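Participant: Mind having a look at this structure? Questions to follow.
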Amino acid sequence: MDVIKDLDPELYGYMKNELLRQQTSLEMIPSENFTSEAVMQAVGSILTNKYSEGYPGKRYYGGNEFIDGIESLAISRAKSLFDVEHVNVQPYSGSPANMEVYLALCNAGDTIMGQSLTSGGHLTHGSPASATGKIFKSIQYCVREDGYINIDEARKLAIENRPKLIWIGSTAYPRMLPFKEFAVIAEETGAYLAADISHISGLVIGGVHESPAQYAHIITTTTHKTLRGPRGAMIMVTRRGLEKDPELPKKIDKSVFPGMQGGPHDHVTAGIATALLQASRPEFKEYAAQVVKNAKALAEALMKNGIRLATNGTDNHLILADLTPIAPGMGVFAQDALDTAGITMNKNTVPGEQSSPFYPSGLRMGTPALTTRGMGEPEMKQIAGLIGTVIRYVSARRLPDGKEERAEYLRSFRAEIRKSRELDDIRKQVVELARRFPLYPSLGT
Ligand code: DSN
């Protein structure tokens with residue numbers, strides 16, 4: 001960062017502090033990870049200078065002979081790793097990728113179906129807060145009381161409403177995604193099935209989560225979560241997709257460009273190619289397996305610490321702690337106090353949420369980033385103990401009912417936790433633990 005340091009000390013200050021924050025805290029947001037220095041080199045390279053609207057061999061600008069090579073490399077690596085027939089690596093991120101799937105398959109007003117946001121689905125799967133819930137007639141299936149996807153409800157809704165497109169894929173679901181069951185529902189109702197595996201694509205490649213390749217027609221994924229690449233996304237068409245609609249690859253490509261996007265981010269495409277190469281190595285399989293082992297160890301230890309978990313555990317990289325037994329809305333206090341102690345995760349709704357999406361009762365956490373640092377089961381037990389202590393520290397808190405009282409109460413709570421000796425003591429233990437697993441040592445601090 002030396003060039004930035006000389007040119008722009010103000011920006012450099014923020015960047016250095018962010019580096020220090022990443023190095024000295026415990027990153028447990030399940031959708032985050034630490035990408036490799038090779039990926040960062042690709043993303044920070046001269047490839048950011050190029051325009052290349054179109055696709056390899058069919059560009060609207062000259063000078064793309066090397067960019068064609070890079071994009072073709074990313075595509076061929078993705079095809080072989082995910083065992084799919086067609087890949088588009090140009091989507092800017094996950095939400096645009098999903099919008100591009102809609103644009104390829106649906107018209108405004110068509111019926112679509114996805115998992116509701118409060119049940120762990122994604123905004124772009126038809127949430128009323130997203131354009132996808134406004135442009136289309138959105139049918140939402142939920143999880144059952146026990147936290148598992150309600151497949152019977154999804155089937156009933158699909159038969160009643162005949163959606164053109166069904167999404168399977170989640171952002172806060174700790175169990176295996178039921179691809180096979182959803183393929184049966186899609187088949188029965190004539191729908192396209194799109195699997196959004198953004199959270200779990202690294203686990204799929206690593207062989208610790210079933211692949212949707214034989215079940216879905218389309219697969220979307222971001223590239224920066226468990227896959228550990230740069231911020232970006234891909235849309236894939238499976239053999240099953242080609243059988244249903246031989247025009248699918250063409251429809252997807254046209255929808256990405258010129259339908260939704262202009263020039264692809266070639267530096268990101270290079271980062272995706274690099275990440276896919278790394279993900280094809282045996283070490284990545286070990287990494288993916290360790291992510292799941294760590295999540296299971298963390299879940300076990302949290303439950304021993306008296307913390308309730310949605311579905312009583314996890315099959316993947318993610319854990320959803322349900323703090324409702326302490327008090328509805330407890331996720332808000334817990335997230336802030338944990339953050340003060342250097343443990344980063346996010347408040348989240350839980351199955352049967354008794355509070356609200358903005359003041360939810362749960363905490364969503366995961367192990368991909370901690371595992372990248374090299375942490376294992378013993379560290380997960382230690383971290384569960386720290387999380388348990390912080391949750392006990394906030395457990396007497398209660399959210400006031402009134403909106404203004406609530407804002408005032410949270411302001412004073414936040415001021416108070418900044419001065420808390422107990423949290424400061426945990427913060428010191430967090431720094432000590434984090435320092436034992438160095439992150440980006442070549443970048444200093
Ligand atoms: N923001 C992502 C997540 O945290 O799961 C989803 O878009």
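Participant: Report every pair of residues separated by at least 6 positions or lying on different chains whose Cβ atoms are under 8 Å apart, first residue within the stretch 198-220 and polar (S, T, N, Q), second away from the ligand (no atom under 16 Å from the Cβ) and part of a loop (DSSP other than H, G, I, E, B).
Facilitator: Filtered contacts from the stretch 198-220: Ser211/Asp83; Gln214/Thr238.
Participant: Take the conditions more than 16 Å from the ligand (Cβ to nearest atom), modelled with pLDDT of 95 or more and within 16 Å of Met28 (Cα to Cα) and apply them to Leu302. Does it pass?
Facilitator: yes
Participant: Would you please name the residue that is surrounded by the fewest Cβ atoms within 10 Å (Cβ to Cβ), looking only at residues in the stretch 387-440 that are part of a loop (DSSP other than H, G, I, E, B) and of a type in the set (Lys, Arg)?
Facilitator: Lys419
Participant: Do the conditions hold for Ser211, that is, is it assigned to a loop (DSSP other than H, G, I, E, B) and of a type in the set (Ser, Thr, Tyr)?
Facilitator: Yes; evaluated as a whole, the condition is true for this residue.
Participant: Read through the list (1) closer than 15 Å to His224 by Cβ; (2) within 16 Å of the ligand (Cβ to nearest atom), then give the number of the only condition that Gln22 fails.
Facilitator: It fails just one condition, (2).
Participant: Consider Val204 carefully, then state whether it is away from the ligand (no atom under 15 Å from the Cβ), over 28 Å from Lys58 (Cβ atoms) and in contact with a strand residue (DSSP E or B) (Cβ under 9 Å, 6 or more places away or on another chain).
Facilitator: Values: away from the ligand (no atom under 15 Å from the Cβ): yes; over 28 Å from Lys58 (Cβ atoms): yes; in contact with a strand residue (DSSP E or B) (Cβ under 9 Å, 6 or more places away or on another chain): yes.
Yes: the conditions hold for Val204.
Participant: So Lys16 clears everything in (1) assigned to a helix (DSSP H, G or I); (2) within 21 Å of His224 (Cβ to Cβ); (3) in contact (Cβ under 8 Å) with a residue 40 or more places away in the chain except one condition, right? Which one?
Facilitator: (2)
Participant: Still on this structure, I have one more. I'd like the full set of residues that are among the charged types (D, E, K, R) and surrounded by 22 or more Cβ atoms within 10 Å (Cβ to Cβ), limited to the stretch 295-326. Before the answer, list the steps.
Facilitator: So in the stretch 295-326, the residues among the charged types (D, E, K, R) come out as 296, 300, 304, 308, 315, 322.
Hit for the stretch 295-326 is Asp322, nothing else.
Participant: Please specify each residue of the stretch 336-369 satisfying the condition of being within 22 Å of Asn312 (Cβ to Cβ), within 16 Å of the ligand (Cβ to nearest atom) and polar (S, T, N, Q).
Facilitator: Asn346, Asn348, Thr349, Thr367
Participant: Is it true that Gln41 is part of a helix (DSSP H, G or I) and crowded, with 17+ Cβ neighbours inside 10 Å?
Facilitator: So Gln41 does not fit the description; no.
Participant: Output the number of the condition that Pro30 fails; it satisfies all remaining conditions of (1) within 30 Å of Lys244 (Cα to Cα); (2) touching a residue at least 60 places away in the same chain (Cβ under 8 Å); (3) in contact with a strand residue (DSSP E or B) (Cβ under 6 Å, 6 or more places away or on another chain).
Facilitator: Result: Pro30 passes all but (1).
Participant: Can you name every residue in the stretch 168-192 that is closer than 13 Å to Tyr215 by Cβ and either small (Gly, Ala, Ser) or within 16 Å of the ligand (Cβ to nearest atom) (or both)?
Facilitator: Residues satisfying the conditions are Ile168, Gly169, Leu177, Ala183, Ala186, Ala191.
The values are calculated or read from the model by the stated rules, or taken from the named source; none is laboratory data. No experiment lies behind these values; they were computed from the predicted model shown. Cβ sites come from the backbone with ideal geometry, for glycine too, and all protein chains shown count toward neighbours.
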